[in-house]
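Here the structure comes first, spelled out in structure tokens, and everything after it is commentary.
The values are calculated or read from the model by the stated rules, or taken from the named source; none is laboratory data. Here the structure is a predicted model, which means the values were calculated and not measured. Virtual Cβ from ideal backbone geometry, glycine too; neighbours counted across all protein chains shown. Accessible surface is based on the protein model in full, side chains and every heavy atom, while ligands, DNA and RNA are left aside. Shrake-Rupley method; radii C 1.70, N 1.55, O 1.52, S 1.80 Å.
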Amino acid sequence: MSRPEELEAIEKRLRRWEETTLRDSLKKQPESRESFVTTSSAPVGRLYTPIDLRGSDPAETLGVPGEFPYTRGIHPTMYRGRLWTMRMFAGFGSAEDTNRRFRYLIDHGETGLSVALDMPTLYGYDTDEVEAKGEFGTCGVAVSSLRDMEVLFHGIDIGAVSTSMTINSPASVIWAMYLANAEKRGVPWTGLRGTIQNDILKEYQAQKEWMFPPEPSMRLVVDTFEFGTEHVPQWNTISISGYHIREAGSTAVQELAFTLANGFEYVRWGIDRGLAIDDFAPRLSFFFNAHNDLFEEIAKYRAARRIWAREMRDTFGAKNPRSWLLRFHSQTAGVSLTAQQPEVNIVRTAVQALAAVLGGTQSLHTNSYDEAFQVPNEKAVRIALRTQQILAHESGVANTVDPLGGAYYVEALTDRMEKEAYDYFDRIQALGGVIPAIRKGFFQQEIANSAYRYQKEIEDKERTIVGVNDFVVDEPSEVEPLRVTKEAFERQVRRLQRLRKERNPKKHAKALNALRKACEGDANTMPFILDAVRAEATLGEVCDVMREVFGVWEEPLLY
Amino acid sequence: MAKKIRVLMAKPGLDGHDRGAKVVARALRDAGMEVIYTGLRQSPEDIVEAAIQEDVDAIGLSSLSGAHMALFPEVVKVLKKRGAGDILVVAGGIIPDDDIPKLKKAGIKAVFGPGTPLADIVAFFRSSAK
Amino acid sequence: MKIVEQVLKGDKRAAGKLISMIEDDDAGATEALAAIYPHTGKAHVVGFTGPPGVGKSSLINRLIREFRVRDRKVGVVAVDPTSPFTGGAVLGDRIRMSDTGTDPGVFIRSMATRGHSGGLALATFDAVKVLDALGIDLIFVETVGAGQSEIDIASRAHTTVVVQMPQSGDAVQALKAGILEIGDIYVVNKTDLGGADSMASNLDFMLEERQGWRPPVVQTSALEGKGIKELADAINKHYRYLKGGGGWRRRESDRARKELYESMKRLLAEAYSDETEGVAFEEVVGAIVVRKTDPRSAAKTLLRDLKLPK
């Protein structure tokens, strides 16, 4: 913190500057706009100085890397010790198609796997169910059974690679398949590393892929916390995700606030279950968006780390410093990709990825330039991966820890976003907490309002999107198409039919019955789900049992 | 009273990405139209039933999951079967260029991809819906 | 008229179109309504009123399912506000009633308030008549909000259901007198929130002095599907009460009286709006300005000579 007399001197100097240099300059060259705003429409000042940080003590708000409050990063050496994990979200068609894509990515230097599942899988339906019509493999890979999981990871060393799976409502079932597959291959669970997204709250708020009402869904989530702590200690049992909130149209502050509010809600549920906070909190991980506005994004990550650490230590009373760490994956903003002049998306993605790295991410996915059209083709994915490699190895940004720490603008923005997040926490609290606020449609409404405002700004040309509302060219976009084949679908359906014929019907029925009883009671469901998938129950069958017991969620829609 | 344009905005299939559908719904509302939003996870039969009861001039379909080829033409087919083939059907979402002619052949009147100005969508509804 | 025949045969497409004609004040609507009118009067019309957010739509959704199990054909007319600035509206009620999907025994129509010349209530109940003629047995009318006009619409039904959610005792005491007078059935929804028992007994106490039909207070949770059967039973019981000499005829007369009066006003307004464009009208305006006559006397003269539109 600058001393009062220093601040006074700076203020004096600034006033003089405004009356002389600045005024003369503005006379000759007025600013191009009356006001400047971030991607989230938050105001941006002309110049940031120590005055903007008045009252904020860097020893307290910044500290040092690897120490509370972790504003400057969770590791003392950050990328000098180990680079972030380059983890490309991939999945389409059948397990065979995606297995091939995984190996391709590993061959090109990817350091972690990330599984994209298709819509039916995300909703707990098998490929051949009527609800799945037309959705097989189009935006992820179909995993309907343990056999699909086996094919998906065939020839990949699951004891060595870390695997992230984007699965929410049926997360415990898909995780059980991963664990059962490891078991069959003789890989001990204690050595498995990876993440299941398992963040149901943001589904109700933003992504809208759900099965059950909030309470039974939360129970399933806490079941995985409990089970993971005991049996799969290196696994992140949740990835609390702001990414989808942002994609659905929120501002950066809303993404920050809603995600952390959800995080606190999971912690409360874990504690209510009787779990010791320091047993499960170290396995909570996060997932944020990396959008267009470089500094706003960087400030968002830094504020997130600081808020989480403080709340975990001071509000929830966690003692283990590992419980205080906000570790996060990031992905560049899919919603920012344009169908117009798609190659330009490579540049957008590079800037967004830079924000994630300067913000201290633990792992990163970079989008491919063709994703405004389809699931990416091989060439497009490779360029996206190369973008990360250039940042890591050529740009020099990974050579020092938190290079923007102390920048007046970044620090002022971090402080402001932190404060605005707390304002949202108060509003959510006033509505009775996260789940009542979901039932009232609060998050959904806030997000839809922001999305509409953003679109209006583009429409009114208050915001320039290169190639869309300015710098437009009239030429067709050329993107090499990627298609899910009919053969892949047929192969998948055949595998499912064979499984239903070959499995032991008695064992299968017994496992599903036991699962039903467990769901009706209050036992941890994980062991029962594991038994069901070991008995080759399909995803749809397991989820049907749960749907029958738990009911299905209906969205409260407000305009 | 002048005839109001009524539009049904629907999300067929499993896809939950409703940002676009909602933004377009609001834009049509702000242009003075009445928009009936059906919510998520509607089958083609659900959509057509709602369109008939609400007597809309047009149906807007939105999907980002890639299931459009299986679901959009089906809506047109069911409309015709129910004697409501005069209701206009338009589409938006993540739709590869190659699929656009096929959708148009199947009776989808217009396809609005990413980046389409809202003003264009509003103008289309205004000039095409009787 | 062909559209009338189709509606009477149970054609949903025709019913949808006829409601649009009513909403658009189409020239053919009056004739069509006249043609269907003899075929109406069979359906039991149930109005729902209550403040926004108490869960009326979700409750209706549950009731639709319950009455479908009881093999009754169910219709809904759900009214949402038109934006006063743009004239547009997003009508989202359907979403909360959508799980009956393609059931042929269900018809849901969303209406925006617009600026109906004969009043919103008239247009709403004209839509109800179309559903009645279509062969629907039970028609729910839902309005958003709890203002005077919404209460007016709900209270034109045969059975008026007033929906509330648990509140503090003081808040119950402060309930609008209008609300306490119009209900035939009171619902305390969202029992899952707690506090429903005391809310219900407070309400019950306040209804003690009602003569004749003693409105029941039903506790429901639309969220959990609780109390729905009881509410359905209460609606049926009120229907039997009305039919058994308890005022069906009186309710019909009340509504007929209002509709007749509103139809006259509407007709006058239409005729009048033509008249105001005429030269003669401007001459009278001039006469008023120069104090040859006064507005009230001039109005009397004008109306005496007014020609109604055919």
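Please work out, to two decimal places, the log10 of the ratio I(q)/I(0) at q = 0.07, 0.08, 0.15 Å⁻¹ from a Debye calculation in which every Cα of the range A:59-429 carries one identical scatterer.
Treating every Cα as an identical point scatterer, log10 I(q)/I(0) equals -0.28, -0.36, -1.44.
Taking only Cα atoms, what is the 0 to 90° angle, nearest 10, from helix A:214-231's long axis to the longest principal axis of chain A?
80
If one takes the longest principal axis of the Cα atoms in chain A, at what angle in degrees, from 0 to 90 and to the nearest 10, does the Cα axis of helix A:408-430 lie?
The angle comes out near 50 degrees.
Residue by residue, what Karplus-based ³J(HN,Hα) values in Hz, rounded to whole numbers, does the range A:524-534 have, using 6.51, -1.76 and 1.60 with θ = phi - 60° and x for Gly and Pro?
Going residue by residue, I get 5, 6, 4, x, 6, 5, 4, 4, 5, 6, 4 Hz, with x marking Gly and Pro.
Name the trypsin sites (Lys or Arg not before Pro) in the range A:296-339 that are in a loop by DSSP and that have at most 13 other C-beta atoms within 10 Å, would you? Walk me through the intermediate numbers first.
Values: sites: A:Lys300, A:Arg302, A:Arg305, A:Arg306, A:Arg310, A:Arg313, A:Lys319, A:Arg322, A:Arg327; in loops: A:Lys319, A:Arg327.
For trypsin sites (Lys or Arg not before Pro) across the range A:296-339 that sit outside H, G, I, E and B with at most 13 neighbouring Cβ atoms in 10 Å, the list reads A:Lys319.
5 Å is the cut-off here: which amide hydrogens, built 1.01 Å from N in the peptide plane, fall below it relative to C:Phe140, excluding neighbours closer than 5 in sequence?
Residues meeting the amide H criterion: C:Val46, C:Gly75, C:Val76, C:Val77.
Return the Cα extents of the protein assembly as shown along principal axes one, two and three, sorted largest first, each rounded to a whole Å.
Sorted from largest, the Cα extents of the protein assembly as shown read 95, 87, 62 Å.
How large is the accessible surface of B:Lys77 in square angstrom, using a 1.4 angstrom probe and rounding to the nearest 10?
The value for B:Lys77 is about 130 Å².
Please compute, for peptide B:110-122, the average count of beta-carbon atoms on other protein chains lying within 10 Å of each residue's beta-carbon. Before the final figure, lay out each step's value.
Numbers: counts 0, 0, 0, 5, 8, 12, 2, 5, 5, 2, 0, 0, 0.
Partner-chain Cβ atoms within 10 Å, mean over residues of B:110-122: 3.
Just read off the accessible area of C:His39 with the full protein assembly in place, 1.4 Å probe, to the nearest 10 Å².
80
Determine the shielding of peptide A:158-169 by partner chains: average, over its residues, the number of Cβ atoms on other chains within 10 angstrom of each Cβ.
Working: counts 0, 0, 0, 0, 0, 0, 0, 0, 0, 0, 0, 0.
Per residue, the average neighbour count from other chains is 0.
Where does each of A:Ser32, B:Ser128, C:Ser110 land when they are ordered by accessible area, with a 1.4 Å probe and the largest first? Write out the running numbers ahead of the final one.
On the way: A:Ser32 105, B:Ser128 45, C:Ser110 5 Å².
In descending accessible area the options line up as A:Ser32, B:Ser128, C:Ser110.
Based on the Cα coordinates of the range C:260-304, what is the per residue volume of their convex hull in Å³? If you can, show how the numbers build up before the last one.
Details: hull volume 3.0 nm³, N = 45.
Spread over its residues, the Cα hull of the range C:260-304 gives 67 Å³ apiece.
Evaluate the Debye formula for chain C with equal point scatterers sitting on the alpha carbons, no solvent, and hand back log10 of I(q)/I(0) at q = 0.08, 0.11 Å⁻¹, in q order, two decimals.
-0.42, -0.73
Longer than 19 Å from Cα to Cα, which of B:Lys105/C:Lys12; B:Lys4/C:Lys17; A:Lys300/A:Lys419 are they? Say none if no pair is. Intermediate results must be reported in sequence, preceding the final value.
Values: B:Lys105/C:Lys12 28 Å; B:Lys4/C:Lys17 13 Å; A:Lys300/A:Lys419 11 Å.
The answer is B:Lys105/C:Lys12.
So what J values fall out for the range B:50-59 if you push phi through Karplus, 6.51 cos²θ - 1.76 cosθ + 1.60 with θ = phi - 60°, rounded to Hz, Gly and Pro as x?
5, 4, 6, 5, 8, 6, 7, 7, 8, 10
How would you classify the range C:1-119 from its alpha-carbon gyration tensor, with a ≥ b ≥ c the square roots of the eigenvalues: rounded for a/c under 1.5, else prolate if a/b is greater than b/c, otherwise oblate?
Values: a/c = 1.93, a/b = 1.10, b/c = 1.75.
Oblate.
Going by the alpha-carbon gyration tensor, a ≥ b ≥ c the square roots of its eigenvalues, is the range B:6-128 rounded (a/c under 1.5) or, if a/c is not under 1.5, prolate (a/b greater than b/c) versus oblate? Don't jump to the answer; show the numbers that get you there.
On the way: a/c = 1.26, a/b = 1.04, b/c = 1.22.
Rounded.
Note the angle between two axes, namely the Cα long axis of helix A:4-17 and the longest principal axis of the Cα atoms of chain A, as a number of degrees from 0 to 90, rounded to the nearest 10.
Tilt of helix A:4-17: around 70 degrees.
Find, to one decimal place in angstroms, the Kirkwood hydrodynamic radius of the range A:240-327, where the mean of 1/r is taken over every pair of different Cα atoms and then inverted.
Details: mean 1/r = 0.0754 Å⁻¹.
Across the range A:240-327, the inverse of the average 1/r is 13.3 Å.
Percent of accessible area on the range C:28-81 owned by carbon and sulfur, 1.4 Å probe?
Numbers: 1080 of 1940 Å².
Here carbon and sulfur together make up 56 percent of the probe-accessible area.
Based on DSSP H runs of at least 4 residues, each adding -39500 (n - 2.57), what is the mean residue ellipticity at 222 nm of chain B after dividing by all its residues, to the nearest 500 deg cm²/dmol?
Details: 5 runs with 55 residues, N = 130.
The helix-only estimate for chain B comes to -13000 deg cm²/dmol at 222 nm.
For B:Val89, which sequence-distant residues (separation of 5 or more, or a different chain) have an amide H within less than 5 Å of its own amide H, given hydrogens modelled in the peptide plane?
Placed amide hydrogens put B:Ile59, B:Lys109 under 5 Å from B:Val89.
Which value does Rg/Rh take for the range A:11-143 over its C-alpha atoms, Rh per Kirkwood? Show your work: numbers first, answer last.
Working: Rg = 26.2 Å, Rh = 20.9 Å.
Taking Rh as the inverse mean 1/r over Cα pairs, Rg/Rh reads 1.25.
Can you pull out the GluC sites (Glu not before Pro) in the range A:352-438 whose DSSP state is coil and whose Cβ has at most 13 other Cβ atoms within 10 Å? Mind dumping the intermediate values first?
Details: sites: A:Glu371, A:Glu378, A:Glu394, A:Glu411, A:Glu418, A:Glu420; in loops: A:Glu371, A:Glu394.
Filter output for the range A:352-438: A:Glu394.
Using modelled backbone amide H atoms (1.01 Å from N, in-plane), which distant-in-sequence or interchain residues come within less than 5 Å of C:Lys226's amide H?
Residues meeting the criterion, in which the H sits 1.01 Å from N, are C:Ser221.
If you filter the range C:254-310 for GluC sites (Glu not before Pro), then keep DSSP loop positions with at most 11 other Cβ within 10 Å, what is left?
Hits after loop and neighbour filter: C:Glu277.
Nearest 500 deg cm²/dmol is fine: what mean residue ellipticity at 222 nm does chain A get from its DSSP H runs of n ≥ 4 alone, each adding -39,500 (n - 2.57), divided by its residue count?
On the way: 22 runs with 264 residues, N = 559.
That comes out to -14500 deg cm²/dmol.
Can you work out the Karplus-derived ³J(HN,Hα) for every residue in the range A:272-287? Use 6.51 cos²θ - 1.76 cosθ + 1.60 with θ = phi - 60°, whole Hz, and x for glycine or proline.
Calculated HN-Hα couplings, in order: 4, 6, x, 7, 7, 3, 6, 7, 9, 4, x, 9, 7, 10, 10, 8 Hz.
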